[in-house]
Amino acid sequence: MATPASSSRRTHERPDEGRPIYLDYAATTPVDPRVAEEVMHFMLEEFGNAGSRTHSYGQAAKERVNRARAEVAAVVDAKPDEVIFTSGATESNNLAILGLAPHGEKSGKKHIVSTQIEHKAVLEPLAELERRGFEVDLVPPTRGGWVDADEVVARVRDDTLLVSVMAVNNETGVIQPTDEVAGALTAGGAYFHVDAAQAFGKLVGPLRNSRIDLVSMSGHKIGAPKGIGALIARRRRFSRPPLAPLMVGGGQERGLRPGTLPVPLVAGLGLASALAVEFGEERQTLLRDVRREFSSRLHGIGAQSNADESRAMPGILNVYVPGIDSEAAIVALKGVAAISNGSACTSQSYDSSHVLTAAGATTAEIEGALRFSFDETLSAKAMDAIVKRLRVMKTAPA
């Protein structure tokens with residue numbers, strides 16, 4: 001399971017520092033050292049403002065931004081000028097959803113179809129639109145954690161403004177049927193938005209479907225720094241999605257996001273995207289082997305999956321071990337592994353998972369849920385250390 005030198009990344013096993021194994025990649029990935037070097041170059045040397053057109057510093061910055069736009073676009077087979085840089089997927093989701101609202105109000109299309117298992121960065125903007133008088137129709141998932149594409153499409157009406165379905169669920173890793181939904185939507189009908197925070201650079205084919213109008217992504221899920229992401233807004237023939245800006249005060253990003261571009265972060269996102277194109281397939285192949293081995297070890301101590309593993313991305317495992325509470329497990333594993341029991345955006349509140357609840361999970365499954373998310377460098381030694389600690393918990397007297 002060694003990582004090829006060509007695609008090597010910073011390892012999460014650093015025994016020389018005495019730190020736990022990092023297994024929370026769904027929350028954030030470590031910055032790729034090559035990306036960090038690129039970011040520092042544009043912080044310390046090529047530090048110009050991409051909006052400064054009168055000197056070489058600004059021109060160098062602008063050229064790197066343009067190249068990054070092309071690098072991000074290439075991941076989903078879009079055009080460079082369809083890439084809008086944002087602070088991350090949360091902002092992109094807000095711009096896609098709330099940005100369409102004025103067009104919906106003007107056109108009389110105030111119906112939206114989405115799912116019950118979306119990230120809060122989608123569900124909360126949708127709730128805001130409900131407060132403004134929009135009708136939001138949320139499709140429940142199957143027991144395996146995926147929504148049925150036919151049910152999503154069946155809810156689309158003549159007055160539907162938007163369909164929003166995530167590509168990969170952030171808690172369970174289950175791939176959602178965005179390709180099927182896209183294929184069933186009419187050419188000139190509702191806009192289709194996909195939150196691709198967990199899929200961008202990993203799940204290639206479905207995101208390249210040209211019927212997906214809007215794609216949200218975050219750099220820190222693919223080895224880029226936090227604070228940078230993008231919304232890809234594809235044209236329909238010659239028309240861009242009719243988005244209205246959420247902020248005003250400048251003409252940057254085609255008037256949709258005012259403010260000076262963070263060129264170092266944009267450069268980092270561009271390089272991380274290029275690396276995803278170059279090495280993504282190789283990494284996913286390695287990850288499938290890692291997942292198979294880790295899953296086998298966990299099931300060996302009685303762990304059960306909280307999702308349909310045949311439909312899940314290889315880098316996320318959501319399981320529960322009967323008799324073990326997730327909070328107790330996280331504490332017990334604290335010195336061994338850094339893991340979570342759900343979304344990083346909500347896990348601090350210790351609320352029950354809305355994803356597992358919607359999928360019909362039992363109380364025991366929800367309270368025992370452990371999310372292991374990792375990259376291709378996870379070793380058998382690390383797996384054994386985790387399984388050993390969980391086995392001790394399971395056999396310890398109550």
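The values are calculated or read from the model by the stated rules, or taken from the named source; none is laboratory data. None of these values were measured; they are calculated from a predicted model. Note that we place each Cβ from the backbone using ideal geometry, even for glycine, and neighbour counts take in every protein chain shown.
The residue list Thr377, Thr357 contains one member that is in a helix (DSSP H, G or I) and among the hydroxyl-bearing types (Ser, Thr, Tyr), which is Thr357. Apart from one condition, Lys226 fits all of (1) closer than 20 Å to Thr186 by Cα; (2) touching a strand residue (DSSP E or B) at 6+ places or on another chain (Cβ under 9 Å); the exception is (1). Scanning segment 100-113 finds one or more residues that are at pLDDT 95 or above and under 22 Å from Thr172 (Cα atoms).
Yes/no per residue for (1) in contact (Cβ under 8 Å) with a residue 40 or more places away in the chain; (2) more than 25 Å from Arg389 (Cα to Cα):
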{"residue": "Gly280", "(1), (2)": "yes, yes"}
{"residue": "Arg283", "(1), (2)": "yes, yes"}
{"residue": "Asp289", "(1), (2)": "yes, no"}
{"residue": "Leu298", "(1), (2)": "yes, no"}
{"residue": "Ala303", "(1), (2)": "yes, no"}
{"residue": "Ala307", "(1), (2)": "yes, no"}
{"residue": "Ser310", "(1), (2)": "no, yes"}
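Looking across Ala96, Ala73, one residue alone is touching a Pro at 6+ places or on another chain (Cβ under 6 Å) and not basic (Lys, Arg). It is Ala73. Do we find that Ala68 is in the same structural domain as Ile212 (by TED's automatic domain parsing), of a type in the set (A, V, I, L, M) and either more than 28 Å from Leu243 (Cβ to Cβ) or in a loop (DSSP other than H, G, I, E, B) (or both) in this structure? Judged against the criteria, Ala68 is not a match.
Has segment 147-164 got any residue that is within 16 Å of the chain's Cα centre (by Cα) and part of a loop (DSSP other than H, G, I, E, B)? No, segment 147-164 has no match at all. Under 26 Å from Glu37 (Cα atoms) and at pLDDT below 95: does that describe Gly280? Criteria met by Gly280.
For segment 294-326, the set of residues classified as of a type in the set (Asp, Glu) and either surrounded by 21 or more Cβ atoms within 10 Å (Cβ to Cβ) or under 24 Å from the mean Cα position of the chain (by Cα) (or both) consists of Asp308, Glu309, listed by residue number. Taking the criterion of being in a helix (DSSP H, G or I), within 19 Å of Arg211 (Cβ to Cβ) and within 17 Å of the chain's Cα centre (by Cα), the residues of segment 71-92 that qualify are Ala73, Val75, Ser92.
The residue that is nearest to the chain's Cα centre (by Cα), among those in segment 204-227 that are hydrophobic (A, V, I, L, M, F, W, C) and within 25 Å of Leu265 (Cα to Cα), is Met217.
Of the residues making up segment 165-203, those that are more than 14 Å from the chain's Cα centre (by Cα) and in contact (Cβ under 8 Å) with a residue 60 or more places away in the chain are Ala190, Tyr191. At negative phi, among the β-branched types (Val, Ile, Thr) and free of Cβ contacts under 8 Å to residues at least 24 places away in the same chain, is that true of Val263? So Val263 fails the test. Considering only segment 213-242, how many residues are under 20 Å from Val168 (Cβ atoms) and without any contact (Cβ under 8 Å) to a residue 60 or more places away in the chain? Adding up the residues that qualify gives 1.
Given the condition assigned by TED's automatic domain parsing to the domain that holds Val204, touching a His at 6+ places or on another chain (Cβ under 6 Å) and buried (at least 21 other Cβ atoms within 10 Å of the Cβ), answer yes or no: does some residue in segment 91-104 qualify? Yes, the conditions are met somewhere in segment 91-104. Would you say Ser310 is assigned to a helix (DSSP H, G or I), touching a Gly at 6+ places or on another chain (Cβ under 8 Å) and of a type in the set (Ser, Thr, Tyr)? The answer is no for Ser310.
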